[in-house]
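Asker: Supplied in structure tokens, the structure appears directly below.
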Amino acid sequence: MDIVSHGLYGWALFGNKDKKQFWLAFGFGVLPDFVAFGLPFASSIAGMVFHGTPVMFSKTNIPNYVHTIYNVSHSLITWSVVFTALRIIYKKPIKASYARLLHILMDIPTHSLAFFATPFLWPLSNYRFDGIPWSDKIIFLPNIAILIIIYSIYFRKKYKKTH
Ligand SMILES: [Zn+2]
């Protein structure tokens, strides 16, 4: 799924208590893609600002470190390790971190083998599911509809509370 949708699902489902929870859940929701693609995206923008031309990335010239970070950030194994560590440190489960779990679970069926299929079992296995890309209208349009429904309910509830 796209990074904005991940953040919005994280916020709506795990961060709707207060502002701190919102930013935490939104952050955990976008984290797997942000850490993997943030640096190449920033270098592309920097190229445009300082040299007038952005560094363009395609399937063939994506730096290796992006794939490495993607493996770490999109693994259910690393999620379990971090979740357990946070649980021990804070002596309770961190609800917002479920947004990262949801990110990984949503990416599994919405990425194909052609482009960043989800390495959810890394480092135990390199198996990746061959899903339907989230950019396909069969995924993209229902996703937008679901987000609109979720946020309509959310803001309606919020409006009713304050009026
Ligand atoms: Zn992702």
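Asker: When you count, for each residue, the other Cβ atoms within 10 Å and take the mean per peptide, how do 92-100, 124-132 rank with the highest first?
Answerer: Per-residue mean Cβ counts within 10 Å order the peptides as 92-100, 124-132.
Asker: Defining a contact as two alpha carbons under 8 Å apart and six or more residues distant in sequence, what relative contact order in percent does the chain show?
Answerer: Computed over the chain, the figure is 25 percent.
Asker: Once the Cα atoms of helix 98-107 and of the chain are each reduced to a long axis, what angle between those two axes, in degrees from 0 to 90 to the nearest 10, is obtained?
Answerer: Between the helix axis and the principal axis of the chain, the angle is about 50 degrees.
Asker: Give the Debye-formula value of log10 I(q)/I(0) at each listed q (0.18, 0.22 Å⁻¹), with one equal scatterer per alpha carbon of the range 29-163, two decimals each.
Answerer: Summing over Cα pairs of the range 29-163 leads to -1.12, -1.27.
Asker: Right, here's the next one. Give the angle, between 0 and 90 degrees and rounded to the nearest 10, that separates the Cα long axis of helix 76-90 from the longest principal axis of the Cα atoms of the chain.
Answerer: Tilt of helix 76-90: around 50 degrees.
Asker: Less than 23 Å apart at the alpha-carbon level, and either on another chain or at least 8 residues along: which lysines does that give for K158?
Answerer: K158 reaches K17, K19, K20, K95.
Asker: Also, I was wondering about something else. Give the separation of the Cα centroids, the range 118-163 to the range 33-105, in Å.
Answerer: 18
Values quoted throughout were computed directly from the atomic coordinates according to the rules given, and no laboratory measurement underlies them. Remember, it's a predicted structure, so these values are computed and weren't measured experimentally. Every residue, glycine as well, gets a Cβ built from its backbone with ideal geometry; the counts of neighbours run over all protein chains shown.
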